[in-house]
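Below is one structure, written out as structure tokens; the observations come after it.
Read-outs throughout are calculated quantities, based only on the coordinates presented, and are distinct from any laboratory measurement. All figures in this text were calculated on a predicted structure; none of them were measured in a lab. Glycine gets a Cβ as well: all are built from the backbone with ideal geometry, and neighbour counts include every protein chain shown.
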Amino acid sequence: MAQATLTVAKPRALREYIFGAAFLIAGLLLIWPLSSGTGGLISTFVLTSRRAGVEIPAPDLVLPTQVSLYVLGALVMLTGVWQLLRGFKRVTLVLSLVALAVIAAFLVWATRDKSLNLTGMLVSSLVRAAPIAFAALSGLYSERSGVVNIGIEGMMLGSAFTAAVLASVTDSLFLGVVGGVITAMLLALLHGVLSIRYRVNQIISGTMVIILMLGLTSYLQRAILNENPSLNEPGTMSELAIPILWRIPVIGPLLFNQTIMIYLLFGLLILTQVLLYQTRWGLRVRAVGEHPRAADTLGINVFRTRYMCVLLSGLMAGLGGAHMSIGAVGRFNEGMTSGKGFLGLAAMIFGNWNPGGSFLGSMIFGFFDSWQEKLSILQVGVPPDLLGMAPYLATMVVLAGVVARSRMPAADGVPYEKQ
């Protein structure tokens, strides 16, 4: 006689109900009070771009402010109701879409009876996201092999300083980048020796790198660069336009008229994806990060693999630091990394230790870093200091939504001792 089986539904987690309630409240706030007083107003988003003295025309995106807020608010509320009643299988994706809707609503409200160059904001977001993406790649290489590297911030800072000074002395931006990368790789080697060979706690080792470079670069800035301004005038990299493609509205200025450092970032993202998931070397790296003892029994040199990945981590951090000083700003400023290394680690976690997801997380943080400047210009009535908190608030919200579903490499942060 056939036995009947009883399937018991898996209880839903409390965080799913919290998300549903948060979506519902967010939608209500968009409908009221955000939309109050916006009747008859128009929000204009300019898509025309002006790059290198050339105007790339595109029709403006004109939206009725109040209607747009009602629509976005209603969509967010419906998402919240569905989340409370049934729940979504991919809460992280839904959280991202809701966040996008809330951001869009806030921009619509901020531009009521005003205009905002949306193309320029997207370009600025990419430029600001680049060092975060380099930091995310840095953490990705290191942690995929099982070594936690929170010293990325210090490596980027050391690279930014060296790149600015060396480029000023040699009048060569290329040599500046090379010098910055070498500095970051030496710091990565120091971190690797301490954490791999001597099995020092990896958090402490990374923190030491940060403190070392914060103190050293601050001292050198005040003692040398402030006294010799000519040593801090490296110049900046100019945009390199790709013929024909850079004239495509919106997409052209964003993707095809950037500095060589951002093109290099795109290439490294693709290369990292291929190396980690399509090559034997990538399989060995992931094996070392997941189960180093099993990898060792198969003949994989765990120590050499980890040293190599930590050095690659330093290379990526060095490119990020050099981009900040000579790729964008054109000088070194004390403490100029401003937490970009930590934001990179947050983007890496958001992307579940994968290149594509890490870049998406970097773009989110870069967007919030850009919008504080744009909204300050629009004078939306929000204090600039509060707007400056946006990237870090976004970090907390993103990690709260995805960290429970992200899976770090099993041996990440665990020193290996050969037996």
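Annotations for the structure displayed:
- Kirkwood Rh in Å, taken over the range 207-260 so that all alpha-carbon pairs contribute: 14.4
- Per-peptide packing, taken as the mean over residues of other Cβ atoms within 10 Å, places 83-91, 206-214 in the sequence 206-214, 83-91 from highest down.
- Under 20 Å of direct C-alpha separation, and excluding same-chain neighbours fewer than eight residues apart, Lys340 reaches these aspartates and glutamates: Glu143, Glu153, Asp369, Glu373, Asp385.
- If R0 equals 45 Å, the separation of the Cβ atoms of Ser238 and Arg280 corresponds to a calculated FRET efficiency of about 0.70.
- The ellipsoid equivalent to the alpha-carbon distribution of the range 133-286 has semi-axes of 29, 27, 11 angstrom, derived from the gyration tensor eigenvalues as √(5λ) and listed largest first.
- In percent, rounded to a whole number, the relative contact order of the chain is 24, using alpha-carbon pairs under 8 Å and six or more apart.
- For Ser36 and Asn228, a Förster radius of 41 Å and the Cβ-Cβ distance give a FRET efficiency of 0.15, rounded to the nearest 0.05.
- Cα gyration tensor category, rounded, prolate or oblate, for the range 14-113 with a/c compared to 1.5: oblate
- Loop-resident trypsin sites (Lys or Arg not before Pro) (DSSP state other than H, G, I, E or B) in the range 237-346 with no more than 13 further Cβ atoms inside 10 Å of their Cβ are absent.
- The range 110-202: C-alpha gyration tensor shape, a/c 1.5 cut-off, then a/b vs b/c: oblate
- Normalised contact order of the range 86-197, rounded percent, pairs of Cα under 8 Å and 6 or more residues apart: 15
- In units of the compact-protein estimate 2.2 N^0.38 Å, the range 126-178 shows a Cα radius of gyration of 1.32.
- Set against the labelled values (i) 72, 56, 40; (ii) 83, 65, 41; (iii) 64, 60, 41, Cα extents along the principal axes in Å computed from this structure falls on (ii).
- When you count the other C-beta atoms within 10 angstrom of each residue and take the mean per peptide, 70-77, 234-241 line up highest first as 70-77, 234-241.
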